[in-house]
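Remarks on the structure that follows.
The values are calculated or read from the model by the stated rules, or taken from the named source; none is laboratory data. Quick caveat, the model's predicted, so the values are computed rather than measured. All Cβ positions, glycine included, derive from the backbone under ideal geometry; neighbour counts span all protein chains shown.
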């Protein structure tokens, strides 16, 4: 049973390009969460999605960032017109429907985005 | 300042106990977690405690929760070099599902 799969592991983009980060949740998990970790900081919540629905995007920057979790396929975090300040590690976590919170969340290994 | 605070660094000698501390400010916290992050890796859930508990033990790990002082600690007994990592405490607030993390404590285990 594969864990949460994120790709790519490392992504380099020039300023102004688009970055697309992918997250495949654990099998049977229908809740996906994206977090961002800036250098030497903790993880900050960005967005919480269920299949085809954004449940909470209170942590997402208002511009340039978007997320989706389609009925089929992985969840995508898209960053348009990247800037140097977007350089960070982006982590995805998943949890099953209806699972108690004592389960915690399963995290992927992250995508390290570097903007040059 | 941070809603969840941790000291940044801790060094211990191999075989000693490590105690990593965390303070939080939101009294509605329901679950509190400890995660471990090794270099270049994701987060591994170590243990959790529900807010109506004051202690939980799991092999070498002991979690203590003082709700009055909003203080959480993780004790690692017989610390090994493989325990060197960054340790994050995190909380779930009220009916939310997302985690709020501290900034992490870098644990270094010296031989």
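Report whether or not residue A:47 is surrounded by 13 or more Cβ atoms within 10 Å (Cβ to Cβ) and part of a loop (DSSP other than H, G, I, E, B).
Considered against the rule, which asks whether it is surrounded by 13 or more Cβ atoms within 10 Å (Cβ to Cβ) and part of a loop (DSSP other than H, G, I, E, B), residue A:47 comes out as no.
Quick check on the stretch A:76-90. Is at least one of its residues modelled with pLDDT of 95 or more, in a strand (DSSP E or B) and over 17 Å from residue A:13 (Cβ atoms)? Checked the stretch A:76-90: no residue is modelled with pLDDT of 95 or more, in a strand (DSSP E or B) and over 17 Å from residue A:13 (Cβ atoms). Just one of the listed residues (B:63, B:109) is outside any helix (DSSP H, G or I) and surrounded by fewer than 21 Cβ atoms within 10 Å (Cβ to Cβ), and it is B:109. In the set A:42, A:59, A:98, only one residue is within 12 Å of chain B (Cβ to nearest Cβ), surrounded by 21 or more Cβ atoms within 10 Å (Cβ to Cβ), out of contact with any helix residue (DSSP H, G or I) (no Cβ under 8 Å at 6 or more places or on another chain) and modelled with pLDDT under 95; that residue is A:42.
Among all positions in the stretch B:68-81, there is at least one residue which is away from chain A (no Cβ under 11 Å), without any contact (Cβ under 8 Å) to a residue 40 or more places away in the chain and either farther than 30 Å from residue A:25 by Cα or assigned to a loop (DSSP other than H, G, I, E, B) (or both). Just one of the listed residues (B:38, B:91) is over 23 Å from residue A:47 (Cα atoms) and either within 14 Å of chain A (Cβ to nearest Cβ) or loosely packed, with under 14 Cβ neighbours inside 10 Å (or both), and it is B:38.
Taking the stretch B:22-54 as the range and being at pLDDT below 90 and in a loop (DSSP other than H, G, I, E, B) as the test, the residues that pass are B:25, B:26, B:27, B:28, B:39, B:40, B:41, B:42, B:51, B:52, B:53.
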